[in-house]
Structure formats: structure tokens, C-alpha cells
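J.: A single structure is presented below for examination.
The values are calculated or read from the model by the stated rules, or taken from the named source; none is laboratory data. What you are looking at is a predicted structure, and each value in this text was computed from that prediction instead of being measured. Please note: Cβ atoms are built from the backbone with ideal geometry, for glycine as well, and neighbour counts cover all protein chains shown. Note: accessible area is taken over every heavy atom of the protein model, side chains too, but ligands, DNA and RNA are not part of it. Shrake-Rupley method; radii C 1.70, N 1.55, O 1.52, S 1.80 Å.
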Amino acid sequence: MILMDLANCKFLKLISCHMKPMICRFFVLAVIILLFRTVLLSPLRGFHWFQQRGSYWVTTSTASNLQLGVRTDKFLEVPQIIWGLNNQKIALARAILTARFLNRTLLMPSLSASLFYKEIDLLDPISFDKLFHFEKFNYLCNRFVRLGRYSDLLNQTEPFELQKGSGRKWTKERDLSQLKQCRKHPIDKFEVIRIVGKHPFLWHDHWPVKDYAKIFECLVLVDEIENEVLKVISRIREIGAKARSKVDAAKEFNSDGSVDQPVPYIAVHMRIEKDWMIHCKKLEQKSNVNQICSSKEEIIERVAHITGLRQPAVVYLAVADSLLEDGSILSGWKDGLLPYDKKRLGVWDIYKKYPYLIQSAIDCEVCSRADVFVGNSFSTFSSIIVLSRTQKLIGLGITRACGVGVRPASYAYNILGESRGPKMWMTDVSAPSLQSISYGTNNVSCYSNWKARLF
């Protein structure tokens with residue numbers, strides 16, 4: 001551009017030779033002004049590159065302590081997470097969403113391998129990465145939230161202890177106001193904010209269902225536990241294939257009784273343990289709702305009336321064996337429905353190697369991957385599974401599961417549906433909080449209320 005301007009200048013000077021001196025000086029001045037204007041408003045290529053490099057350096061320098069928006073030099077620490085598996089998953093998600101609100105990394109919390117209320121003297125902490133993949137979590141939840149290790153700390157300052165309020169006067173608004181204060185100076189300057197008091201499941205809930213769903217999708221079992229899940233599912237499908245081979249002679253089966261396509265199975269979360277029956281009866285009295293408890297007979301009856309089930313079909317019964325008083329859960333089922341618990345399935349040796357939390361995690365995945373799942377809408381275990389299955393349907397472009405033939409299908413056996421069967425169930429992913437999943441609801445439907453892409 002500059003060379004062109006100089007060439008133009010010489011050309012104009014040649015022309016000006018035939019003009020009067022005053023006119024010549026005017027044209028030369030105009031060319032000089034034009035030349036300076038061009039240089040000032042159109043930077044040289046090298047100068048422009050320098051500006052870009054400078055801008056890039058500033059950006060990367062500023063982001064040196066960030067991971068795509070999540071600070072890696074500021075942390076949140078929470079109390080040990082307790083209770084059942086899915087209560088712990090909710091508590092974990094609530095803690096890490098709180099860290100996200102504060103733009104902090106959540107220090108990897110301890111989970112509890114045993115049931116708190118059953119074995120209070122034997123509460124056994126278990127590290128998050130003994131159950132879930134630490135690296136995969138951060139990879140899948142990149143740009144959203146982040147987990148950190150205690151080895152990441154520089155210990156430049158003592159932790160700031162944040163006491164969570166409690167009681168009726170500690171409202172949701174006051175709780176949110178407290179969190180907002182933690183985003184400001186002087187609290188925000190602390191390397192670690194340590195929340196003390198009640199554990200995260202009991203914190204006020206400020207986050208929508210879609211945010212929790214994202215966290216749950218990032219929780220991937222470690223390879224050892226995932227392999228155990230696959231063994232259990234393989235055994236279920238193997239039994240189903242052999243049962244069908246006896247009644248479907250027209251179908252091509254392999255020499256070992258297996259089939260090329262996986263044989264569907266049903267999973268039922270039978271919430272009839274003694275601790276649940278005590279809890280649900282009190283809940284029915286308190287809330288004046290009679291659609292919470294279900295007897296073994298009611299569950300069996302309603303599962304038998306699910307339309308569109310191809311039989312024979314294996315029915316895997318997910319139940320907390322140590323809390324079960326009724327040993328007859330395998331009896332009373334309709335012909336064509338083949339009930340199996342862990343012992344009858346021949347997989348008890350897999351489960352008994354692990355503490356309660358990991359046993360529950362295996363059951364949760366076996367139920368989540370079933371072709372048909374039937375649970376209780378007031379059970380956190382069932383509700384988290386249905387949320388996962390709803391996400392799968394949404395991923396397939398299905399936002400309503402009403403009718404026959406939709407797979408994976410989910411039902412709530414504690415609520416009467418069509419044809420005397422259980423009611424079809426999808427999670428309302430538009431809900432502003434996790435209230436109905438954490439504490440249960442009888443307001444279920446076959447719609448997800450999904451309106452836009454969640455993430």
C-alpha cells in the first residue's frame with residue numbers, strides 16, 4: 001500500500017511539472033496528507049500481527065488460573081457426603097453447582113460407603129475417585145464445573161469457614177444472599193471457602209433440574225465397577241435369551257443360546273424394605289397422600305399390566321437385600337415374567353465384595369440401562385434413574401413417551417395408570433429445582449416439558 005502511494009506521488013509530481021508552482025505545492029501537500037492518513041488508519045501487516053499476539057498474550061495470561069471459566073486457584077470445601085447413593089449424588093451435584101456459582105473448583109469430597117442412619121458407628125468414608133472417574137468427570141463437565149484435589153492447594157491463606165444457617169428463619173433468600181457475599185471481597189480473596197454445618201443434601205436448592213442432569217451425566221463409574229455392571233447385565237440377557245429360545249423356535253439362536261441382538265429386560269426397584277415402609281407410611285399420614293407406599297402384591301399386579309411387553313422376559317428386582325424382611329419377592333409373578341434377584345441370578349458374589357454404596361451403584365446402572373424400568377416416584381433412587389432415562393430419550397429426539405413401543409420406557413408403580421398398569425413416567429426437565437426428585441411427587445406424566453436444547 002505504501003509503495004503504491006509513493007508511485008502515485010511520483011506520478012502526480014510528473015503531472016505537476018506542467019502546472020504553476022503554487023498548484024504543484026498544493027498537490028504535493030495533498031499527497032503527503034493522504035500518505036500519513038493511510039499509514040495511521042491501515043496498520044502494517046507486521047504491526048497488526050503484533051497487536052494480535054499482544055492481545056493473545058493478555059488473554060492467556062489472564063486465563064492462566066482458569067479452566068475455561070472455572071478458577072483453578074480458588075476452592076470450595078464441603079462436609080462429608082452421606083446417606084444413600086442417589087442422596088449422595090444429589091448432595092455432590094448441589095455442592096459442585098454451589099462452587100460453580102462462586103466460580104470456584106470443588107475440592108474432591110468424601111462419600112460414605114455405608115448407610116449413615118443404619119451404621120452410624122461404622123460410617124466409612126470413601127473417596128470420590130474410588131467410585132467415579134475423576135478425569136472423565138472434568139472432561140465431560142468442561143466449561144461447566146470442575147473438581148480439584150487437595151494436592152492442588154497452595155495453602156497461602158487459612159480457609160474461610162462459612163457456617164450454613166439452619167431452621168425456619170434461614171430462608172432460601174437468605175441462603176442465596178450469603179452465597180452472593182462470598183463472591184465479593186474480602187471473602188473471595190481466600191484460597192479456600194470451607195462450608196461447615198449441615199451436609200449438602202440439606203442445603204437450599206437454587207439450581208434447575210437441567211443443571212443437575214448435566215452433573216449426573218458427567219458421573220462415570222470407574223472401570224472396575226463398570227465391568228461388574230456389564231457382568232450383571234450380560235447374565236440377565238443370557239437368561240432371557242435362553243428363555244425365549246424355548247418358545248421361539250422360528251428365531252435363529254447361536255449355539256450357546258445367545259442372540260445377535262440384546263434381549264430386552266425389565267428392572268423393578270422394589271421399595272418394600274422395612275426402613276422404606278416405615279418412612280412411606282409416616283409420609284402418607286403427614287402429606288395426606290395415599291400413593292406413596294406399595295405392597296409387593298400391588299407392584300406385581302401393576303407390572304403384569306404393562307402393555308406391549310414381549311414375553312417371556314426377565315424381571316430384575318433391585319432391592320436392598322440386607323433391609324428386606326419379605327423373602328418371597330420371587331413368588332406370585334404372572335407367567336411369562338421371570339423374576340430374578342441377585343442370588344437367583346447368580347451374581348451375589350459380585351455384589352458382596354463391595355460396601356453398600358458400590359452395591360447400590362451397580363444396581364442403579366443395571367436399572368438405568370433396562371429396556372423397561374418400574375420404580376416408585378417418591379424414591380430418590382427411582383427418580384434419579386428416570387431422570388437419566390429421560391435424558392436418553394431427549395437425546396433421541398423423544399420428548400413424550402406416551403403410548404406403546406417407546407424404549408427406554410419408565411413407569412411409577414405407586415400411581416395407577418392406563419389398563420390397570422403403572423403410570424408412564426418422564427422427568428420434568430423444565431423444573432426450576434430438584435424438589436420433586438429429592439423428596440418425591442405423585443404428579444408424574446409421560447412428557448418431559450423439554451423445549452430447547454439443555455446444554
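J.: Are any residues in the stretch 58-84 within 20 Å of the chain's Cα centre (by Cα), at pLDDT below 95 and either open to solvent by 10 Å² or more (accessible area, probe 1.4 Å) or among the small types (Gly, Ala, Ser) (or both), and if so, which ones?
T.: GLN67, LEU68, GLY69, VAL70, GLN80, ILE82, TRP83, GLY84
J.: If a residue must be surrounded by 19 or more Cβ atoms within 10 Å (Cβ to Cβ), closer than 26 Å to VAL232 by Cβ and not small (Gly, Ala, Ser), how many such residues does the stretch 289-311 contain?
T.: Selection size over the stretch 289-311: 6.
J.: Please state which of the following conditions GLU325 fails to meet, knowing it meets all the rest: (1) at pLDDT 90 or above; (2) assigned to a loop (DSSP other than H, G, I, E, B); (3) closer than 26 Å to ALA113 by Cβ; (4) not polar (S, T, N, Q).
T.: Here GLU325 clears every test but (1).
J.: Which pairs do you get when a residue that is open to solvent by 50 Å² or more (accessible area, probe 1.4 Å), found in the stretch 236-247, comes within reach of a residue that is in a helix (DSSP H, G or I) and small (Gly, Ala, Ser), reach meaning Cβ atoms under 9 angstrom, with the pair 6+ apart or on two chains?
T.: From the stretch 236-247, no pairs qualify.
J.: For the stretch 171-186, name all the residues that are under 28 Å from the mean Cα position of the chain (by Cα) and either within 20 Å of GLN435 (Cα to Cα) or open to solvent by less than 90 Å² (accessible area, probe 1.4 Å) (or both).
T.: Of everything in the stretch 171-186, those that are under 28 Å from the mean Cα position of the chain (by Cα) and either within 20 Å of GLN435 (Cα to Cα) or open to solvent by less than 90 Å² (accessible area, probe 1.4 Å) (or both) turn out to be THR171, LYS172, GLU173, ARG174, ASP175, LEU176, SER177, GLN178, LEU179, CYS182.
J.: Please work out if LYS286 is free of Cβ contacts under 8 Å to residues at least 24 places away in the same chain, in a loop (DSSP other than H, G, I, E, B) and over 27 Å from LEU393 (Cα atoms).
T.: When the stated conditions are applied, LYS286 does not pass them.
J.: Going by the structure shown, is SER151 farther than 24 Å from SER436 by Cα, hydroxyl-bearing (Ser, Thr, Tyr) and part of a helix (DSSP H, G or I)?
T.: Considered against the rule, which asks whether it is farther than 24 Å from SER436 by Cα, hydroxyl-bearing (Ser, Thr, Tyr) and part of a helix (DSSP H, G or I), SER151 comes out as yes.
J.: Taking the stretch 340-388, which residues are open to solvent by 10 Å² or more (accessible area, probe 1.4 Å) and in a strand (DSSP E or B)?
T.: Matches in the stretch 340-388: TYR340 only.
J.: Also, quick follow-up: Looking at (1) over 18 Å from ASN87 (Cβ atoms); (2) in contact with a strand residue (DSSP E or B) (Cβ under 7 Å, 6 or more places away or on another chain), which is the only condition LYS169 fails?
T.: (2)
J.: Something else: Within the stretch 423-447, count every residue that is in a loop (DSSP other than H, G, I, E, B) and crowded, with 20+ Cβ neighbours inside 10 Å.
T.: The total comes to 6.
J.: Residues that are at pLDDT below 95 and in contact with a Gly (Cβ under 7 Å, 6 or more places away or on another chain): find the helices (runs of 4 or more DSSP H) completely inside the stretch 165-266 holding 1 or more of those.
T.: Counting at least 1 such residues, we get 223-247.
J.: Give the stretch 402-422 a look and list any residue that's surrounded by fewer than 20 Cβ atoms within 10 Å (Cβ to Cβ) and in a strand (DSSP E or B), or say none.
T.: Within the stretch 402-422, just LEU416 meets the criteria.
J.: Of all residues being in contact (Cβ under 8 Å) with a residue 40 or more places away in the chain and open to solvent by 10 Å² or more (accessible area, probe 1.4 Å) in the stretch 95-113, which is farthest from HIS204 (Cα to Cα)? Just the residue, please.
T.: MET108
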